[in-house]
1. Name the residues in region B:98-108 that are at pLDDT 90 or above and either outside any helix (DSSP H, G or I) or farther than 21 Å from B:Thr178 by Cβ (or both), would you?
2. Within region A:107-121, take every residue that is within 14 Å of another protein chain (Cβ to nearest Cβ) and out of contact with any Leu (no Cβ under 9 Å at 6 or more places or on another chain) and give me the one that is farthest from A:Ala33 (Cα to Cα).
3. Collect the residues in region A:33-76 that are in a helix (DSSP H, G or I), without any contact (Cβ under 8 Å) to a residue 12 or more places away in the chain and open to solvent by 50 Å² or more (accessible area, probe 1.4 Å), keeping them in residue-number order.
4. Can you report the number of residues in region B:308-320 which are surrounded by fewer than 22 Cβ atoms within 10 Å (Cβ to Cβ), touching a residue at least 40 places away in the same chain (Cβ under 8 Å) and within 11 Å of chain A (Cβ to nearest Cβ)?
5. Answer yes or no: is there a residue in region B:328-348 that is within 14 Å of chain A (Cβ to nearest Cβ), over 30 Å from A:Ile111 (Cα atoms) and among the polar types (S, T, N, Q).
6. Considering region B:531-545 alone, what residues qualify as being acidic (Asp, Glu) and within 13 Å of B:Phe503 (Cβ to Cβ)?
7. Consider A:Arg82 carefully, then state whether it is within 10 Å of another protein chain (Cβ to nearest Cβ), in contact (Cβ under 8 Å) with a residue 24 or more places away in the chain, open to solvent by 50 Å² or more (accessible area, probe 1.4 Å) and closer than 23 Å to A:Thr165 by Cβ.
8. For region B:427-442, does any single residue satisfy the condition of being farther than 23 Å from B:Asn400 by Cα and among the aromatic types (Phe, Trp, Tyr)?
Amino acid sequence: MTEENKKQAGAQRFGLYLGLATIAMLFTALTSAYIVRMGAGNWLFVKMPFQFWISTAIIISSSITFYFAKTSHRSGNISKYRMLVWLTFILGIAFISFQYMGWLAIAKTGIYIDGNPGGSFIYVISMVHVVHVMLGLVLLSIVAIRTSIKSYNPDHIYKIGLMATYWHFVDFLWIYLFIFFQIKFF
Amino acid sequence: MSTKDLHHGHSEQHAGAAITDHVHYQDTEGVIRFEADHGHHDSDRNKKNFIHTYIFSTDHKMIGKQFLITGIIWAIIGGGLSNIFRMQLGFPDVPLHFIGTIFGDKWAPGGKMTPDFYNMLITMHGTILVFFVLTAGLSGTFANLLIPLQIGARDMASPVLNMLSYWFFFLAGAVMFTSFFLPSGAAGVSWVFYPPLSAIRSAAVGSETGADFWLISMALFIVSSLLGGLNYITTILNLRTKGMSMSKLPLTIWALLITAILGLLSFPVLLGAAILLIFDRSMGTSFYLDKIYISGIGAMPHEGGNPILYQHLFWFLGHPEVYIVILPAFGIVSEVLAVNSRKPIFGYRAMILSMLAIAALAFFVWAHHMFVTGLNPFVGSVFVFLTLLIAIPSAIKVFNWITTIWRANIRYTPAMMFSVGFVSLFISGGLTGIFLGNSSIDIQLHDTYFIVAHFHIVMGVAAFFGMFAGVYHWFPKMYGRFMNRTIGFIHFWVTFVGSYCIFWPMHYQGMAGVPRRYYSHGAFESFNKFGALSEFITIAAIVVFLAQLLFVFNFLYSMYRGKKVTELNPWKSNTIEWTTPIHPGHGNWDGPLPEVHRGPYDYGKDGEDFIPQTVPMRPGETTHHG
């Protein structure tokens with residue numbers, strides 16, 4: 001990489017962090033609204049369905065597979081990288097599927113999106129999170145196609161690194177939300 | 001590569017091509033720029049055609065112009081709407097048949113506008129001017145135009161995201177514009193969009209489909225602001241040229257940086273509020289809605305929500321938003337005052353610190369918009385204290401502006417006049433902020449014309465003055481021509497005197513308790529005495545609006561026929577945007593990027609009128625500002 005490219009690359013990484021900060025602010029707003037509303041009483045506490053536990057395990061494992069995808073790309077093992085990056089992609093789809101099944105399971109217990117805000121918040125916040133995972137999947141598929149179909153290029157590691165940062169971020173975001181949803185603040 | 005010092009390798013070729021091509025173009029001056037540019041750049045600019053150069057451009061200067069011209073169009077629409085509703089307030093008996101012609105007869109049967117149409121007008125006026133003009137039009141224009149030019153960069157960190165930022169803004173505007181012509185009209189629940197009015201479709205005519213369009217438009221607008229802000233911050237922090245340390249940045253850049261940080265932290269919260277509102281409207285949730293009975297319709301199925309929750313989320317954005325509007329004006333005015341006073345800005349560091357203080361406090365004062373919501377009086381007193389703290393950095397800024405022009409050898413240009421006018425307006429409007437920041441007085445003045453007068457002066461007209469100062473000052477950089485001075489002065493005086501004529505009387509109306517947002521005050525005996533005053537305000541508003549058309553004429557005329565810029569640095573300014581060619585190509589500097597050695601405000605130093613930032617420090621010379 002040339003000096004100018006490095007400067008540009010640093011700027012892109014910094015821009016990504018700013019983008020993550022805006023996403024963090026969005027969820028700060030939503031979760032603070034959740035706490036404030038819970039404090040006002042008349043709150044229906046939703047027990048997390050077991051599908052959400054499975055999806056949590058899936059998204060954590062997808063972060064792990066992506067981490068190893070990155071390390072294998074760095075060590076030049078392109079076939080292992082190819083396998084792991086597409087595995088991550090599949091795990092991402094699996095996560096969304098289990099979130100969907102989780103919503104169905106909550107609905108089966110009689111808690112619908114238009115009922116008590118205690119239920120509505122769970123639906124809306126987890127849906128907004130899934131939208132961010134979907135965005136991640138779109139970006140991931142672009143990065144995966146570019147880096148695994150074209151011939152090996154050590155500079156790709158930089159794009160993979162940016163993608164990894166986003167992917168781990170939405171992973172941690174879900175872990176935070178999942179724990180958050182199980183706390184009775186009042 | 002090494003000689004060009006370009007930031008992005010892939011654009012190196014066409015940036016270079018644009019530069020050579022541009023030199024060629026300068027020789028052929030005299031042709032209208034639009035066409036000349038088109039013809040010559042066509043083949044050279046890496047096969048860039050008209051669409052790539054003027055429509056889907058990734059050149060920050062072109063994107064800045066796009067923001068400016070779109071902002072001007074929206075300002076004409078938004079300002080025009082205010083004249084229509086001022087007619088209702090000042091001259092309710094004059095028939096306005098054109099409303100029926102444009103929007104449909106049901107809005108104005110017999111030329112008399114309906115209350116629903118009035119609500120639509122005030123809602124759209126507020127939304128358009130706050131978001132489309134004073135947010136996108138002001139910081140969008142000057143952040144795009146000035147950041148790369150004043151920090152010494154070829155372009156933004158991500159030119160593509162920058163282009164997307166404009167097009168999301170354009171889409172947001174298109175959606176908002178379409179909503180005027182819906183069968184149920186545009187949103188009519190005021191720009192703050194409080195539930196329950198905004199959350200229940202059947203609540204009012206203005207709560208129907210128009211409100212959905214408003215929410216979609218705002219979501220697009222938020223995306224645009226976030227993409228833009230992200231780019232501005234990244235560019236300022238990462239792509240400064242050699243020697244351009246943070247303590248050598250012009251105050252415009254500092255102001256735009258802080259504006260972008262505020263936007264980045266507050267707009268996602270508005271998005272959160274809007275998402276919950278969309279679910280309440282469309283999915284039957286009850287985030288903001290409790291048991292409500294609508295006469296003629298019956299009980300609503302909602303239960304357990306809280307409309308005040310929306311107000312908290314909204315004003316957590318809403319208050320920083322007023323600083324998003326005013327901070328770019330702070331920066332522009334500081335720069336223009338220093339350049340035209342031929343003196344260093346007084347207290348460069350104090351200016352930066354006070355802007356940072358204002359930005360930090362902006363996040364802790366939102367509840368001063370909510371003193372009458374049943375807020376706990378103790379919480380209210382905390383917000384009063386934090387609100388009044390803002391007076392300190394604001395006063396520092398005003399003091400520094402006045403000291404900058406104090407005993408200066410002032411060069412009177414339209415930009416300078418608008419900057420001085422800005423300081424006047426900021427003082428007048430800021431003082432009434434101290435009244436309103438006190439909860440005990442606010443309870444009397446809340447939702448009266450006093451608050452209308454306050455925020456129109458301090459953030460509406462003042463921010464416009466900052467924008468005008470910026471346009472008059474940097475027009476030569478944008479189009480290579482000057483704007484007409486005489487028309488500029490007429491524009492200034494009519495706008496300045498006229499704005500005070502509009503808003504000063506409103507203070508008296510407000511103190512007498514005249515409520516804002518009312519379609520007609522005729523039903524209240526105690527407000528009838530203000531009839532003549534309302535007429536006066538309406539006439540002043542129309543005169544000021546016409547003066548803005550003068551500005552638009554000047555802008556368009558000067559773009560093609562204005563006096564040409566013949567020297568690189570027509571204002572004898574220190575900042576480095578004036579070291580670029582008169583018509584900079586994509587890439588800004590022909591040769592290597594300039595190197596910066598000193599701060600931007602070395603005016604009148606050691607007997608020299610001005611010392612540009614690119615001049616190295618002389619042996620033994622010390623920096624000016626402390």
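The values are calculated or read from the model by the stated rules, or taken from the named source; none is laboratory data. The structure presented is a predicted model; accordingly, all values stated were derived computationally and were not measured. Backbone-built Cβ (ideal geometry, glycine too); neighbour counts: all protein chains shown. Keep in mind that these areas ignore ligands, DNA and RNA; they rest on the heavy atoms of the full protein, side chains included. Shrake-Rupley method; radii C 1.70, N 1.55, O 1.52, S 1.80 Å.
1. B:Ala108
2. A:Ala107
3. A:Val36, A:Trp53, A:Ala57, A:Ile64
4. 2
5. No: region B:328-348 contains no residue that is within 14 Å of chain A (Cβ to nearest Cβ), over 30 Å from A:Ile111 (Cα atoms) and among the polar types (S, T, N, Q).
6. Selection gives nothing.
7. When the stated conditions are applied, A:Arg82 does not pass them.
8. yes
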